[in-house]
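Here the structure is laid out as structure tokens; the discussion comes afterwards.
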Amino acid sequence: MKVVTPAQMRALDAAAVAKAGIPSRELMERAGAAVAGVAAELALAPRAVVAAGPGNNGGDGLVAARLLRARGYDVTVFLPGAADAFGADARANYELFVQAGGAVVPFSRPRFARAVRDAGVVVDALLGTGSRGALEGDFKAAAAAVNGAAAPVVAADVPSGIDAATGAVAGVAVRADATVTFGLPKLGLTQFPARGCAGAVHVADIGFPAALVDGLPYDATGKKLGFVARIAEAAEVAALLPPRPLNLHKGAAGRAYILAGSRGMSGAAVLAAKSCLRAGAGLVVTGLPAELDVIFSVACLEGLSQQLPQSPEGWLVPAAAALVKKGLAAADAAAIGPGLGRAPATGELVAKVAAALRRPAVIDADGLNLLGLKGLAAVKAGGVLTPHPGEMARLFGVGVDDVESDRLKWARELARRTGKAVVLKGYMSIVAAPGEETWLNPTGNPGLASGGTGDVLTGVILALLAGGAKPAAAARAGAYVHGLAGDVAAEWAGERSLVAGDVMEALPAAFALLEKGPAEGDPGEGDVWTHER
């Protein structure tokens, strides 16, 4: 599924009219019908209030109002803007609604607030993608009143008050229970804080020809607009998994090496190793401080370990380099980072190991912290970097808020600067790679906000790399499977109680779902765009 900016969507609208010959009124009719359908599904009673702004978003709302009225709803339309400001299509739908006997009421703050309180469903068609900056005047008052509704709120295209291009929210914005976005998802709907205003997002097909969508049109200067990103889908991800032929043996299934662990953080090494095995690796060797070997061997019976020299404090030291390089030489892929800590001596070891890498590697957690941006860029081997926003901020010397305000930019910049695939973790984790399309991962839930889940992700991506997947493919598939395992585990553990071990144990079910295709009711089968109001 493609993700676009509002400007790209406007260009696609224009091309649908000019090149495909679809009347703009027809596009508005289909959009309004989609809004009316969702509103009817959610309504608590057959009483609808529609807040319609002066632009095309208001026209979509007027179509929805007319169609709801045709279903027998008592519908009242409020106009915070002037009716004479409507464009031709919105004006035509305004007249159709009035001619059919529909009630259109000039906006009054007290009257609108009372109507909203008594409504069975409220439709926000104030501004849509036309929102720029903070709402003011009657539009601000209307959004605030909508947010006080006890009834479900349905937003047309995007909730009014959010920036559909960036996901920023300046001041008051409508908080919807459902958003019906037209044609393709808007970038802002995939990013916080706007995502928290959208509720369950329904992507409504309003009839754009597939060929037109695939070849998104050119702008006025002749530059091809392309797509901002794509949302990963199960069938695409399943095709990225390394094959498992009948005559597969453990050596051919992928040999992985993990450099991990320090005193007090043995769990990170265990989680990464066991997850790598659960994700299909044939052999996994974990190099870790010698004192952790007994703990690791008991906790990970199927994994092999390599005892490495350590400092009295339990950190790995540069003297371990020769042994690590020997382990790397026998591996198809490596992982560096889980639970290593940030001791300077360990940093020296990691620098030596990174310089010796000749196979693809996942670099995570303290591997990122110890190498830094310059060290990561110097790694000649390909691979995958998996920072969370805090680690990304440290790499670039910026604040976490800076990263969160434009996650796509930072993920792409890290990929560009290092030549590696990048998984920027968080809601809809971003997968970026040099010369590749950017992907948004739709699986996962807030239960993954628990220590150790990143180590599980490292193990999954490492197994895919060791099995022969290219870094960008391993990053995309690994992020998807990891999130899907979190969704599977949440079915029985609940989001609040979810821990990393649950995610690891759910990996077999996640792979099975992905490879056989989900049945109705399976985790990951339904609308992944869910967020409580």
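For the range 244-263, indicate whether the set of residues that are among the polar types (S, T, N, Q) and within 30 Å of Ala509 (Cβ to Cβ) is non-empty. Yes: one or more hits.
When you scan the range 131-147, do you find a residue that is surrounded by 20 or more Cβ atoms within 10 Å (Cβ to Cβ) and in a loop (DSSP other than H, G, I, E, B), even just one? Yes, the range 131-147 contains a residue that is surrounded by 20 or more Cβ atoms within 10 Å (Cβ to Cβ) and in a loop (DSSP other than H, G, I, E, B).
Quick test for you: out of Ile461, Ile430, pick the one residue that is within 23 Å of Ala354 (Cα to Cα), hydrophobic (A, V, I, L, M, F, W, C) and touching a residue at least 40 places away in the same chain (Cβ under 8 Å).
Only one candidate passes the filter, namely Ile461.
Which residue, of Gly72, Gly81, is farther than 19 Å from Val174 by Cβ and not in a helix (DSSP H, G or I)? It would help to see each step written out before you state the result.
On the way: Gly81 fails: farther than 19 Å from Val174 by Cβ.
Result of the check over Gly72, Gly81: Gly72.
For the range 234-273, enumerate the residues that are farther than 22 Å from Leu323 by Cβ and in a helix (DSSP H, G or I). Within the range 234-273, Ala234, Ala235, Glu236, Val237, Ala238, Gly267, Leu271 meet the criteria. Residues in the range 320-348 that are outside any strand (DSSP E or B), aliphatic (A, V, I, L, M) and touching a residue at least 24 places away in the same chain (Cβ under 8 Å): Ala320, Ala321, Leu323, Val324, Leu328, Ala330, Ala331, Leu340, Ala343, Ala345.
Of the candidates Gly251, Gly280, Gly264, Gly199, the single residue that is surrounded by fewer than 18 Cβ atoms within 10 Å (Cβ to Cβ) and at positive phi is Gly264. One residue stands out in the range 326-346 among those that are under 36 Å from the mean Cα position of the chain (by Cα) and surrounded by fewer than 17 Cβ atoms within 10 Å (Cβ to Cβ): the one that is nearest to Ala273 (Cα to Cα), namely Ala330. Restricted to the range 166-180, and to residues there that are at pLDDT 95 or above and of a type in the set (Gly, Ala, Ser), the residue that is surrounded by the fewest Cβ atoms within 10 Å (Cβ to Cβ) is Ala178. For the range 397-425, which positions are crowded, with 17+ Cβ neighbours inside 10 Å, more than 20 Å from Leu189 (Cα to Cα) and hydrophobic (A, V, I, L, M, F, W, C)? Those that are crowded, with 17+ Cβ neighbours inside 10 Å, more than 20 Å from Leu189 (Cα to Cα) and hydrophobic (A, V, I, L, M, F, W, C): Leu414, Ala415, Ala421, Val422. Applying the set (1) crowded, with 24+ Cβ neighbours inside 10 Å; (2) among the small types (Gly, Ala, Ser); (3) more than 21 Å from Lys470 (Cα to Cα) to Gly383 leaves exactly one unmet item: (3).
Report yes if Val75 is assigned by TED's automatic domain parsing to the domain that holds Val116 and in contact (Cβ under 8 Å) with a residue 60 or more places away in the chain, otherwise no.
Numbers: assigned by TED's automatic domain parsing to the domain that holds Val116: yes; in contact (Cβ under 8 Å) with a residue 60 or more places away in the chain: no.
Against the criterion (assigned by TED's automatic domain parsing to the domain that holds Val116 and in contact (Cβ under 8 Å) with a residue 60 or more places away in the chain), Val75 does not qualify.
Within the range 474-499, the residues that satisfy the criterion of being surrounded by fewer than 24 Cβ atoms within 10 Å (Cβ to Cβ) and of a type outside the set (Asp, Glu) are Ala490, Trp492, Ala493, Gly494, Arg496, Ser497, Leu498, Val499.
The values are calculated or read from the model by the stated rules, or taken from the named source; none is laboratory data. Computed from a predicted model, the values in this text were never measured in an experiment. Because the Cβ atoms are built from the backbone with ideal geometry, glycine has one as well, and the counts that use them run over all protein chains shown.
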